[in-house]
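Each remark here refers to the structure printed beneath this line.
The values are calculated or read from the model by the stated rules, or taken from the named source; none is laboratory data. Here the structure is a predicted model, which is why all the values come from computation and not from measurement. Cβ placement follows ideal geometry from the backbone for every residue including glycine, while neighbour counts extend to all protein chains displayed.
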Amino acid sequence: MNLPDTGRATDDLLAEIARLRAHDLPVRGGQVTAYVYDTGRAEVHEAAAHAYFEMLEVNTLDPTAFPSVVEMERQVVGAVADLLGGGHGIFTNGGTESIMLAVKAARDGSRVAGRPNMVVPVTAHPAFHKAAHYLGVEVRAVPVDLVTYRVEPEAVEAAIDGDTVLVVVSAPSYPQGVVDPVEKVAALARDRGVACHVDACVGGWLLPWLREAGADVPAFDLSVPGVTSISCDLHKFGYAPKGASVVLFADPATRRRAYFASGAWPGYTVINATVQSSKSAGPLAGAWATLQALGRDGYLELGRATLRAATRLREGVAAIPGLRVLGGQESSLVAFAGDDVDVFVLSDEARRRGWFIQPQLSYAGIPANLHVTVTGVTLRGVEAMLEVIAESAAAARSRGPAVLPDGLVELIAGLDLDALDDATFAELAASVGIDLTSRDQPEMAVVNAVLDALPARVREAILVRFLSVIYSGT
(Lines give C-alpha, C1' and ligand atoms only; values in the text may rest on other atoms or scores of the structure.)
Protein backbone atom coordinates (compact mmCIF):
# COMPACT_ATOMS: atom_id res chain seq x y z
CA MET A 1 0.00 0.00 0.00
CA ASN A 2 1.44 3.38 -1.00
CA LEU A 3 -0.35 5.42 1.67
CA PRO A 4 0.92 4.80 5.23
CA ASP A 5 -1.57 4.04 8.00
CA THR A 6 -0.10 6.80 10.15
CA GLY A 7 1.79 9.98 9.32
CA ARG A 8 5.57 9.86 9.04
CA ALA A 9 8.13 12.20 10.60
CA THR A 10 9.83 14.85 8.46
CA ASP A 11 13.32 13.41 9.03
CA ASP A 12 12.10 10.01 7.88
CA LEU A 13 10.61 11.50 4.72
CA LEU A 14 13.77 13.43 3.87
CA ALA A 15 15.86 10.30 4.40
CA GLU A 16 13.67 8.41 1.97
CA ILE A 17 13.94 11.18 -0.61
CA ALA A 18 17.73 10.91 -0.32
CA ARG A 19 17.47 7.15 -0.87
CA LEU A 20 15.19 7.59 -3.89
CA ARG A 21 17.64 10.08 -5.42
CA ALA A 22 20.62 7.75 -5.03
CA HIS A 23 20.59 6.87 -8.75
CA ASP A 24 19.70 10.36 -10.02
CA LEU A 25 22.13 12.39 -12.05
CA PRO A 26 23.60 15.33 -10.07
CA VAL A 27 21.99 18.72 -10.62
CA ARG A 28 25.03 20.80 -9.66
CA GLY A 29 28.65 20.90 -10.77
CA GLY A 30 28.40 20.78 -14.56
CA GLN A 31 28.96 17.06 -15.14
CA VAL A 32 25.39 16.68 -16.41
CA THR A 33 25.38 18.59 -19.68
CA ALA A 34 21.61 18.66 -20.27
CA TYR A 35 18.36 19.19 -18.35
CA VAL A 36 19.89 21.31 -15.54
CA TYR A 37 21.40 24.80 -15.49
CA ASP A 38 23.94 25.81 -12.87
CA THR A 39 25.38 29.23 -12.09
CA GLY A 40 27.99 27.74 -9.78
CA ARG A 41 26.79 30.22 -7.17
CA ALA A 42 25.05 28.39 -4.33
CA GLU A 43 23.71 31.57 -2.72
CA VAL A 44 21.67 32.40 -5.84
CA HIS A 45 20.02 28.99 -5.92
CA GLU A 46 19.36 29.20 -2.16
CA ALA A 47 17.67 32.59 -2.55
CA ALA A 48 15.45 31.15 -5.27
CA ALA A 49 14.59 28.11 -3.15
CA HIS A 50 13.59 30.30 -0.18
CA ALA A 51 11.43 32.53 -2.37
CA TYR A 52 9.86 29.46 -4.00
CA PHE A 53 8.96 28.08 -0.60
CA GLU A 54 7.51 31.42 0.59
CA MET A 55 5.05 31.45 -2.33
CA LEU A 56 4.53 27.68 -2.54
CA GLU A 57 0.93 27.74 -1.33
CA VAL A 58 -0.13 30.93 -3.11
CA ASN A 59 -2.54 30.05 -5.93
CA THR A 60 -2.17 32.09 -9.11
CA LEU A 61 -5.70 31.16 -10.18
CA ASP A 62 -7.14 34.45 -8.90
CA PRO A 63 -4.73 37.41 -9.06
CA THR A 64 -7.27 39.61 -7.24
CA ALA A 65 -6.92 37.36 -4.19
CA PHE A 66 -3.11 37.41 -4.27
CA PRO A 67 -1.88 40.75 -5.66
CA SER A 68 1.73 39.69 -4.96
CA VAL A 69 1.41 37.42 -7.99
CA VAL A 70 0.54 40.34 -10.25
CA GLU A 71 3.44 42.47 -9.03
CA MET A 72 5.98 39.66 -9.33
CA GLU A 73 4.77 38.72 -12.78
CA ARG A 74 4.89 42.33 -13.96
CA GLN A 75 8.50 42.58 -12.83
CA VAL A 76 9.59 39.23 -14.30
CA VAL A 77 7.80 39.69 -17.62
CA GLY A 78 8.98 43.29 -17.75
CA ALA A 79 12.61 42.21 -17.36
CA VAL A 80 12.22 39.77 -20.27
CA ALA A 81 10.49 42.41 -22.40
CA ASP A 82 13.27 44.90 -21.68
CA LEU A 83 15.81 42.37 -22.94
CA LEU A 84 13.87 41.12 -25.97
CA GLY A 85 12.48 44.15 -27.73
CA GLY A 86 9.37 44.97 -25.71
CA GLY A 87 6.00 43.32 -26.00
CA HIS A 88 3.24 42.11 -23.70
CA GLY A 89 3.84 38.87 -21.85
CA ILE A 90 2.57 35.95 -19.82
CA PHE A 91 4.52 33.98 -17.22
CA THR A 92 4.15 30.24 -17.84
CA ASN A 93 5.47 27.06 -16.28
CA GLY A 94 7.71 26.08 -19.16
CA GLY A 95 8.63 26.44 -22.79
CA THR A 96 6.03 23.96 -23.97
CA GLU A 97 3.27 25.99 -22.31
CA SER A 98 4.66 29.22 -23.78
CA ILE A 99 4.68 27.63 -27.22
CA MET A 100 1.18 26.25 -26.71
CA LEU A 101 -0.09 29.76 -25.98
CA ALA A 102 1.72 31.23 -28.99
CA VAL A 103 0.16 28.64 -31.29
CA LYS A 104 -3.29 29.19 -29.73
CA ALA A 105 -3.03 32.96 -30.16
CA ALA A 106 -1.99 32.57 -33.81
CA ARG A 107 -4.76 30.08 -34.54
CA ASP A 108 -7.47 32.12 -32.82
CA GLY A 109 -6.32 35.30 -34.54
CA SER A 110 -6.59 33.81 -38.03
CA ARG A 111 -9.55 33.44 -40.33
CA VAL A 112 -8.57 30.47 -42.46
CA ALA A 113 -11.04 28.55 -44.59
CA GLY A 114 -9.56 25.08 -44.08
CA ARG A 115 -7.52 23.34 -41.43
CA PRO A 116 -4.96 25.75 -39.97
CA ASN A 117 -1.30 24.87 -40.45
CA MET A 118 2.05 26.12 -39.22
CA VAL A 119 5.40 25.98 -40.97
CA VAL A 120 8.30 24.84 -38.80
CA PRO A 121 11.90 23.81 -39.48
CA VAL A 122 12.71 20.12 -38.92
CA THR A 123 14.97 21.36 -36.11
CA ALA A 124 12.10 23.11 -34.28
CA HIS A 125 11.36 21.77 -30.82
CA PRO A 126 8.75 18.96 -30.60
CA ALA A 127 6.68 21.27 -28.40
CA PHE A 128 5.32 22.72 -31.64
CA HIS A 129 4.18 19.26 -32.73
CA LYS A 130 2.63 18.78 -29.30
CA ALA A 131 0.81 22.12 -29.51
CA ALA A 132 -0.39 21.26 -33.00
CA HIS A 133 -1.69 17.89 -31.77
CA TYR A 134 -3.63 19.48 -28.92
CA LEU A 135 -4.93 22.45 -30.92
CA GLY A 136 -5.85 20.79 -34.22
CA VAL A 137 -3.17 22.48 -36.30
CA GLU A 138 -1.30 20.76 -39.12
CA VAL A 139 2.51 20.83 -38.96
CA ARG A 140 4.42 21.49 -42.18
CA ALA A 141 8.06 20.69 -41.48
CA VAL A 142 10.63 22.15 -43.87
CA PRO A 143 14.32 21.23 -44.27
CA VAL A 144 17.38 22.98 -42.96
CA ASP A 145 20.68 23.49 -44.74
CA LEU A 146 22.82 20.45 -43.91
CA VAL A 147 25.97 22.54 -43.58
CA THR A 148 24.70 25.43 -41.46
CA TYR A 149 21.65 23.63 -39.97
CA ARG A 150 19.59 26.81 -40.41
CA VAL A 151 16.17 26.77 -41.99
CA GLU A 152 16.03 27.82 -45.65
CA PRO A 153 13.74 30.85 -46.15
CA GLU A 154 12.81 29.67 -49.64
CA ALA A 155 11.52 26.40 -48.21
CA VAL A 156 9.48 28.29 -45.63
CA GLU A 157 7.95 30.53 -48.26
CA ALA A 158 7.06 27.59 -50.49
CA ALA A 159 5.24 25.87 -47.61
CA ILE A 160 3.01 28.85 -46.75
CA ASP A 161 -0.51 28.83 -48.15
CA GLY A 162 -3.88 30.40 -47.41
CA ASP A 163 -4.38 28.22 -44.32
CA THR A 164 -1.03 28.98 -42.70
CA VAL A 165 -1.50 30.68 -39.32
CA LEU A 166 2.07 30.63 -38.00
CA VAL A 167 5.69 30.44 -39.15
CA VAL A 168 8.33 29.33 -36.64
CA VAL A 169 12.05 30.03 -36.33
CA SER A 170 14.47 29.14 -33.54
CA ALA A 171 17.00 31.29 -31.70
CA PRO A 172 18.79 28.98 -31.36
CA SER A 173 17.49 25.57 -32.40
CA TYR A 174 18.35 23.07 -29.70
CA PRO A 175 19.99 20.26 -31.73
CA GLN A 176 22.94 22.21 -33.20
CA GLY A 177 22.63 25.54 -31.37
CA VAL A 178 22.26 27.77 -34.42
CA VAL A 179 20.05 30.82 -34.91
CA ASP A 180 17.70 30.62 -37.88
CA PRO A 181 17.59 33.59 -40.32
CA VAL A 182 14.94 35.37 -38.26
CA GLU A 183 14.95 38.64 -40.18
CA LYS A 184 14.43 36.99 -43.58
CA VAL A 185 11.76 34.56 -42.42
CA ALA A 186 9.88 37.19 -40.39
CA ALA A 187 9.87 39.53 -43.40
CA LEU A 188 8.39 36.94 -45.74
CA ALA A 189 5.82 35.93 -43.10
CA ARG A 190 4.80 39.58 -42.70
CA ASP A 191 4.50 39.96 -46.47
CA ARG A 192 2.16 36.96 -46.53
CA GLY A 193 0.14 38.21 -43.56
CA VAL A 194 1.19 35.33 -41.32
CA ALA A 195 2.28 35.45 -37.67
CA CYS A 196 5.92 34.61 -36.90
CA HIS A 197 7.01 33.05 -33.60
CA VAL A 198 10.63 32.95 -32.47
CA ASP A 199 11.34 30.00 -30.23
CA ALA A 200 13.97 31.51 -27.94
CA CYS A 201 13.18 29.21 -25.05
CA VAL A 202 16.88 28.33 -24.88
CA GLY A 203 18.38 31.54 -26.20
CA GLY A 204 16.07 34.32 -25.04
CA TRP A 205 17.90 34.85 -21.76
CA LEU A 206 21.28 33.77 -23.17
CA LEU A 207 21.94 35.38 -26.54
CA PRO A 208 21.70 39.02 -25.37
CA TRP A 209 24.33 38.38 -22.67
CA LEU A 210 26.55 36.49 -25.11
CA ARG A 211 26.26 39.40 -27.53
CA GLU A 212 27.23 41.83 -24.78
CA ALA A 213 30.16 39.54 -23.94
CA GLY A 214 31.39 39.75 -27.54
CA ALA A 215 29.62 37.00 -29.47
CA ASP A 216 28.32 37.68 -32.98
CA VAL A 217 24.58 37.22 -32.40
CA PRO A 218 22.12 38.18 -35.16
CA ALA A 219 18.91 40.08 -34.49
CA PHE A 220 16.18 37.69 -33.37
CA ASP A 221 13.70 39.32 -30.96
CA LEU A 222 10.55 41.46 -31.10
CA SER A 223 12.57 44.37 -32.47
CA VAL A 224 12.72 42.46 -35.78
CA PRO A 225 9.87 43.56 -38.10
CA GLY A 226 7.43 40.71 -38.63
CA VAL A 227 8.13 38.85 -35.37
CA THR A 228 4.80 38.64 -33.56
CA SER A 229 5.71 36.50 -30.54
CA ILE A 230 8.72 35.03 -28.77
CA SER A 231 9.22 32.49 -25.98
CA CYS A 232 11.97 32.63 -23.36
CA ASP A 233 12.61 30.08 -20.61
CA LEU A 234 13.95 31.51 -17.36
CA HIS A 235 14.60 28.05 -15.95
CA LYS A 236 17.30 27.61 -18.58
CA PHE A 237 19.86 30.41 -18.86
CA GLY A 238 17.91 32.57 -16.44
CA TYR A 239 18.94 29.86 -13.92
CA ALA A 240 15.56 29.98 -12.16
CA PRO A 241 13.99 26.85 -10.64
CA LYS A 242 11.74 24.77 -12.92
CA GLY A 243 9.26 25.74 -14.31
CA ALA A 244 9.60 29.32 -15.37
CA SER A 245 9.06 30.69 -18.86
CA VAL A 246 7.69 33.80 -20.52
CA VAL A 247 5.90 34.25 -23.82
CA LEU A 248 5.86 37.78 -25.25
CA PHE A 249 3.48 39.10 -27.89
CA ALA A 250 4.09 42.17 -30.03
CA ASP A 251 0.68 43.62 -29.20
CA PRO A 252 -1.85 43.19 -26.37
CA ALA A 253 -4.62 42.02 -28.72
CA THR A 254 -2.56 38.94 -29.62
CA ARG A 255 -1.83 38.28 -25.96
CA ARG A 256 -5.55 38.34 -25.21
CA ARG A 257 -6.06 35.55 -27.75
CA ALA A 258 -3.79 33.35 -25.65
CA TYR A 259 -6.17 33.72 -22.68
CA PHE A 260 -9.10 31.45 -21.90
CA ALA A 261 -12.32 32.51 -20.17
CA SER A 262 -15.53 30.66 -19.43
CA GLY A 263 -18.74 32.08 -18.06
CA ALA A 264 -20.87 29.05 -18.90
CA TRP A 265 -21.28 27.68 -15.40
CA PRO A 266 -22.66 28.91 -12.04
CA GLY A 267 -19.36 28.76 -10.10
CA TYR A 268 -16.44 31.12 -9.57
CA THR A 269 -15.20 33.33 -12.41
CA VAL A 270 -12.85 31.43 -14.73
CA ILE A 271 -10.24 33.44 -16.60
CA ASN A 272 -6.86 31.83 -17.29
CA ALA A 273 -3.78 33.38 -18.81
CA THR A 274 -2.14 29.94 -19.14
CA VAL A 275 -3.07 26.36 -19.91
CA GLN A 276 -3.19 25.53 -16.22
CA SER A 277 -5.76 26.97 -13.84
CA SER A 278 -4.73 26.41 -10.23
CA LYS A 279 -0.96 26.43 -9.84
CA SER A 280 1.60 27.40 -7.26
CA ALA A 281 3.24 30.81 -7.35
CA GLY A 282 6.46 29.10 -6.24
CA PRO A 283 8.07 29.00 -9.71
CA LEU A 284 7.21 32.66 -10.29
CA ALA A 285 8.79 33.63 -6.97
CA GLY A 286 11.84 31.49 -7.72
CA ALA A 287 12.30 33.24 -11.06
CA TRP A 288 11.79 36.67 -9.52
CA ALA A 289 14.35 35.99 -6.78
CA THR A 290 16.91 34.61 -9.24
CA LEU A 291 16.68 37.69 -11.47
CA GLN A 292 16.96 39.96 -8.47
CA ALA A 293 19.86 38.02 -6.92
CA LEU A 294 21.96 38.03 -10.10
CA GLY A 295 21.10 41.37 -11.71
CA ARG A 296 22.65 42.66 -14.92
CA ASP A 297 26.21 42.33 -13.69
CA GLY A 298 25.65 38.74 -12.61
CA TYR A 299 24.16 37.69 -15.92
CA LEU A 300 26.88 39.45 -17.89
CA GLU A 301 29.54 37.68 -15.84
CA LEU A 302 27.81 34.35 -16.51
CA GLY A 303 27.57 35.23 -20.21
CA ARG A 304 31.30 35.86 -20.41
CA ALA A 305 32.14 32.60 -18.64
CA THR A 306 29.68 30.69 -20.82
CA LEU A 307 31.11 32.16 -24.03
CA ARG A 308 34.68 31.29 -23.02
CA ALA A 309 33.67 27.74 -22.08
CA ALA A 310 31.73 27.14 -25.31
CA THR A 311 34.62 28.44 -27.42
CA ARG A 312 37.12 26.23 -25.60
CA LEU A 313 34.83 23.19 -25.84
CA ARG A 314 34.38 23.58 -29.61
CA GLU A 315 38.12 23.97 -30.12
CA GLY A 316 38.90 21.01 -27.88
CA VAL A 317 36.35 18.65 -29.44
CA ALA A 318 37.50 19.57 -32.96
CA ALA A 319 41.03 18.53 -31.98
CA ILE A 320 39.96 15.03 -30.86
CA PRO A 321 40.53 12.46 -33.64
CA GLY A 322 37.29 11.17 -35.16
CA LEU A 323 35.04 13.95 -33.81
CA ARG A 324 33.66 16.99 -35.60
CA VAL A 325 31.60 19.91 -34.33
CA LEU A 326 28.23 20.60 -35.95
CA GLY A 327 26.74 24.08 -36.28
CA GLY A 328 27.99 27.59 -35.64
CA GLN A 329 29.23 29.60 -32.69
CA GLU A 330 26.46 32.07 -31.83
CA SER A 331 25.13 30.14 -28.82
CA SER A 332 26.49 27.92 -26.07
CA LEU A 333 24.89 24.71 -27.33
CA VAL A 334 27.61 22.47 -28.74
CA ALA A 335 26.90 19.36 -30.83
CA PHE A 336 29.45 16.96 -32.27
CA ALA A 337 29.31 13.85 -34.44
CA GLY A 338 31.74 10.95 -34.86
CA ASP A 339 33.37 9.83 -38.11
CA ASP A 340 34.92 6.59 -36.87
CA VAL A 341 33.45 6.72 -33.37
CA ASP A 342 29.98 5.49 -32.36
CA VAL A 343 28.66 8.50 -30.46
CA PHE A 344 26.16 6.36 -28.58
CA VAL A 345 28.99 4.20 -27.23
CA LEU A 346 30.97 7.36 -26.46
CA SER A 347 28.06 8.62 -24.39
CA ASP A 348 27.98 5.40 -22.36
CA GLU A 349 31.73 5.59 -21.83
CA ALA A 350 31.43 9.16 -20.60
CA ARG A 351 28.73 8.10 -18.15
CA ARG A 352 31.06 5.40 -16.80
CA ARG A 353 33.44 8.26 -16.01
CA GLY A 354 30.75 10.27 -14.21
CA TRP A 355 29.66 12.59 -17.04
CA PHE A 356 26.30 12.71 -18.83
CA ILE A 357 26.57 13.85 -22.45
CA GLN A 358 23.22 13.84 -24.23
CA PRO A 359 22.77 11.63 -27.32
CA GLN A 360 20.74 12.93 -30.26
CA LEU A 361 19.32 10.66 -32.96
CA SER A 362 19.79 11.18 -36.67
CA TYR A 363 16.95 12.86 -38.56
CA ALA A 364 16.29 14.58 -41.88
CA GLY A 365 19.87 14.13 -43.06
CA ILE A 366 21.43 15.31 -39.78
CA PRO A 367 23.74 12.61 -38.34
CA ALA A 368 23.49 11.11 -34.88
CA ASN A 369 25.49 13.27 -32.49
CA LEU A 370 26.12 14.29 -28.90
CA HIS A 371 24.94 17.52 -27.32
CA VAL A 372 26.44 19.67 -24.57
CA THR A 373 24.61 22.60 -23.02
CA VAL A 374 27.34 24.92 -21.77
CA THR A 375 26.24 26.89 -18.70
CA GLY A 376 27.78 29.35 -16.29
CA VAL A 377 29.52 26.62 -14.29
CA THR A 378 31.01 24.79 -17.28
CA LEU A 379 34.18 26.89 -17.51
CA ARG A 380 35.42 25.48 -14.21
CA GLY A 381 35.38 21.94 -15.57
CA VAL A 382 35.76 22.32 -19.33
CA GLU A 383 39.28 20.84 -19.40
CA ALA A 384 38.12 17.85 -17.37
CA MET A 385 35.18 17.43 -19.74
CA LEU A 386 37.47 17.46 -22.76
CA GLU A 387 39.69 14.82 -21.15
CA VAL A 388 36.64 12.61 -20.56
CA ILE A 389 35.39 13.11 -24.14
CA ALA A 390 38.83 12.21 -25.52
CA GLU A 391 39.15 9.12 -23.29
CA SER A 392 35.59 8.06 -24.08
CA ALA A 393 36.13 8.52 -27.82
CA ALA A 394 39.23 6.30 -27.68
CA ALA A 395 37.35 3.69 -25.66
CA ALA A 396 34.39 3.80 -28.05
CA ARG A 397 36.70 3.38 -31.03
CA SER A 398 38.28 0.38 -29.33
CA ARG A 399 34.88 -1.18 -28.46
CA GLY A 400 33.42 -0.56 -31.88
CA PRO A 401 29.83 0.41 -32.66
CA ALA A 402 26.83 -0.94 -30.78
CA VAL A 403 25.94 -4.37 -32.14
CA LEU A 404 22.28 -5.06 -32.79
CA PRO A 405 20.97 -8.63 -32.97
CA ASP A 406 20.21 -9.67 -36.53
CA GLY A 407 16.67 -8.80 -37.52
CA LEU A 408 15.91 -6.83 -34.35
CA VAL A 409 15.17 -3.53 -36.08
CA GLU A 410 12.92 -5.22 -38.63
CA LEU A 411 11.17 -7.15 -35.86
CA ILE A 412 10.44 -3.98 -33.88
CA ALA A 413 9.37 -2.05 -36.96
CA GLY A 414 6.85 -4.78 -37.77
CA LEU A 415 5.39 -5.16 -34.28
CA ASP A 416 1.75 -4.45 -33.60
CA LEU A 417 2.46 -2.55 -30.40
CA ASP A 418 -1.22 -2.11 -29.62
CA ALA A 419 -1.48 -5.90 -29.31
CA LEU A 420 1.20 -6.03 -26.58
CA ASP A 421 0.52 -5.23 -22.94
CA ASP A 422 3.21 -3.48 -20.91
CA ALA A 423 4.48 -6.68 -19.28
CA THR A 424 4.97 -8.38 -22.64
CA PHE A 425 6.73 -5.32 -24.04
CA ALA A 426 9.09 -5.29 -21.03
CA GLU A 427 9.83 -9.01 -21.53
CA LEU A 428 10.59 -8.38 -25.20
CA ALA A 429 13.02 -5.61 -24.27
CA ALA A 430 14.68 -7.80 -21.63
CA SER A 431 15.19 -10.57 -24.20
CA VAL A 432 17.63 -8.31 -26.07
CA GLY A 433 19.35 -7.07 -22.91
CA ILE A 434 17.31 -3.93 -22.18
CA ASP A 435 16.00 -3.89 -18.61
CA LEU A 436 13.26 -1.26 -18.42
CA THR A 437 12.58 -1.91 -14.73
CA SER A 438 16.07 -1.22 -13.35
CA ARG A 439 16.63 1.94 -11.32
CA ASP A 440 20.34 1.94 -12.13
CA GLN A 441 21.68 4.23 -14.85
CA PRO A 442 21.65 1.88 -17.86
CA GLU A 443 23.94 1.58 -20.86
CA MET A 444 21.97 3.14 -23.67
CA ALA A 445 24.07 2.55 -26.81
CA VAL A 446 22.01 -0.41 -28.04
CA VAL A 447 18.72 1.34 -27.21
CA ASN A 448 19.80 4.49 -29.03
CA ALA A 449 21.11 2.50 -31.99
CA VAL A 450 17.75 0.72 -32.32
CA LEU A 451 15.81 4.00 -32.09
CA ASP A 452 18.20 5.63 -34.55
CA ALA A 453 17.48 2.91 -37.12
CA LEU A 454 13.69 3.25 -36.87
CA PRO A 455 11.39 5.70 -38.68
CA ALA A 456 10.24 8.62 -36.53
CA ARG A 457 6.68 7.35 -36.09
CA VAL A 458 7.92 3.97 -34.88
CA ARG A 459 10.37 5.71 -32.54
CA GLU A 460 7.47 7.64 -31.06
CA ALA A 461 5.38 4.49 -30.53
CA ILE A 462 8.31 2.72 -28.85
CA LEU A 463 8.98 5.69 -26.58
CA VAL A 464 5.34 5.82 -25.50
CA ARG A 465 5.50 2.15 -24.55
CA PHE A 466 8.81 2.71 -22.73
CA LEU A 467 7.23 5.48 -20.64
CA SER A 468 4.20 3.31 -19.92
CA VAL A 469 6.41 0.46 -18.70
CA ILE A 470 8.61 2.50 -16.38
CA TYR A 471 5.50 4.00 -14.76
CA SER A 472 3.60 0.71 -14.67
CA GLY A 473 1.79 0.16 -11.39
CA THR A 474 0.91 3.84 -11.02
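So if I check each of S392, S362, S332, which one is surrounded by 18 or more Cβ atoms within 10 Å (Cβ to Cβ), polar (S, T, N, Q) and either in the same structural domain as A141 (by TED's automatic domain parsing) or under 23 Å from the mean Cα position of the chain (by Cα) (or both)? Outline the logic, then answer.
Details: S392 fails: either in the same structural domain as A141 (by TED's automatic domain parsing) or under 23 Å from the mean Cα position of the chain (by Cα) (or both); S362 fails: surrounded by 18 or more Cβ atoms within 10 Å (Cβ to Cβ).
Of the residues listed, the single one that is surrounded by 18 or more Cβ atoms within 10 Å (Cβ to Cβ), polar (S, T, N, Q) and either in the same structural domain as A141 (by TED's automatic domain parsing) or under 23 Å from the mean Cα position of the chain (by Cα) (or both) is S332.
Applying the selection to the range 142-161, what residues are surrounded by fewer than 20 Cβ atoms within 10 Å (Cβ to Cβ) and in contact (Cβ under 8 Å) with a residue 60 or more places away in the chain?
If the condition is that a residue be surrounded by fewer than 20 Cβ atoms within 10 Å (Cβ to Cβ) and in contact (Cβ under 8 Å) with a residue 60 or more places away in the chain, then P143, L146, T148 are the ones that fit.
Cβ-Cβ below 7 Å, separation at least six or inter-chain, first residue in the range 342-353 and of a type in the set (K, R), second at pLDDT 95 or above and surrounded by fewer than 23 Cβ atoms within 10 Å (Cβ to Cβ): which pairs?
Correct list of pairs: R353/V388; R353/E391.
Going through the range 337-371 one residue at a time, which ones are among the aromatic types (F, W, Y) and more than 21 Å from R459 (Cα to Cα)?
Going residue by residue through the range 337-371, those that are among the aromatic types (F, W, Y) are 344, 355-356, 363.
Those that are among the aromatic types (F, W, Y) and more than 21 Å from R459 (Cα to Cα): W355, F356.
Out of the residues in the range 171-193 that are β-branched (V, I, T) and without any contact (Cβ under 8 Å) to a residue 60 or more places away in the chain, state the one that is surrounded by the fewest Cβ atoms within 10 Å (Cβ to Cβ).
Per the stated criteria, the residue is V182.
hydroxyl-bearing (S, T, Y) and without any contact (Cβ under 8 Å) to a residue 60 or more places away in the chain: does that describe S332?
no
Is one or more of the residues making up the range 371-388 buried (at least 23 other Cβ atoms within 10 Å of the Cβ), assigned to a helix (DSSP H, G or I) and not assigned by TED's automatic domain parsing to the domain that holds V144?
yes
Looking only at the range 256-293, how many residues end up being charged (D, E, K, R) and within 13 Å of T92 (Cα to Cα)?
Looking only at that region, the number is 1.
May I ask you to verify whether A131 is closer than 30 Å to P367 by Cα, in contact with a helix residue (DSSP H, G or I) (Cβ under 7 Å, 6 or more places away or on another chain) and in the same structural domain as R74 (by TED's automatic domain parsing)? Break it down into steps so the answer makes sense when it comes.
On the way: closer than 30 Å to P367 by Cα: yes; in contact with a helix residue (DSSP H, G or I) (Cβ under 7 Å, 6 or more places away or on another chain): yes; in the same structural domain as R74 (by TED's automatic domain parsing): yes.
In short, yes.
Can you find a residue in the range 209-218 that is at pLDDT 95 or above, basic (K, R), surrounded by fewer than 24 Cβ atoms within 10 Å (Cβ to Cβ) and more than 20 Å from the chain's Cα centre (by Cα)?
yes
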